[in-house]
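K.L.:
First the structure, then my questions, so here it is.
The values are calculated or read from the model by the stated rules, or taken from the named source; none is laboratory data. Note that the structure is predicted; figures quoted are calculated from it, not measured. Positions of Cβ are generated from backbone atoms using ideal geometry, with glycine treated the same way; all protein chains shown enter the neighbour counts. Heavy atoms of the whole protein, side chains included, go into the accessibility calculation; ligands, DNA and RNA do not. Shrake-Rupley method; radii C 1.70, N 1.55, O 1.52, S 1.80 Å.
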Amino acid sequence: MNLTTDHLADILIGIARAQNAVIDAIDRVNPGFRSQHAAPIITVAANMRAGDPRMIDLSSRILMRLQGRVALDAAQVKADLERLMSGKAASSATGAAAGTAPAARKAAGPEGADELDFSVKP
């Protein structure tokens, strides 16, 4: 089976939508849950203060994007995945769309930057 970045982006978006549905359900029962409890915890999990997002932060950042009013763009998620897997620095347009500072960012953290090759089968 060949998993492409398109497939992986769709899977991540689907998981984030399911998580968002759970947050919506809890917010209906307990109004204010999303803004008072869920959003702050998701922000911490997404490592939003880091100027250099890592692969591990991507799923939480996708969920964070779903919390806002801006529509989630599958092409942007795919671009983020490709950037993180390639090890290239993000462009200013990618950084602005991801909701992070467009300063010079590296694709992966200092540890494990070369270990993101998903083409090798175990």
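K.L.:
Where only protein heavy atoms count, and the probe is 1.4 Å, what is the accessible area per residue for the stretch 19-90 in Å²?
P.N.:
Accessible area per residue, the stretch 19-90: 59 Å².
K.L.:
Taking only C-alpha pairs under 8 Å that are 6+ residues apart, what is the relative contact order of the stretch 1-91 in percent? Working shown, then result.
P.N.:
On the way: 60 pairs, mean separation 32.3, N = 91.
Value for the stretch 1-91: 35 percent.
K.L.:
For the stretch 1-78, which whole percent of the accessible surface, found with a 1.4 angstrom probe, sits on carbon and sulfur atoms? Can you show the working numbers first?
P.N.:
On the way: 2950 of 4970 Å².
Carbon and sulfur together cover 59 percent of it.
K.L.:
Just grab the label-to-label distance for THR5 and ALA39, each label 7 Å out from Cα along the Cβ direction, in nm (one decimal).
P.N.:
In this crude spin-label approximation the distance works out to 3.1 nm.
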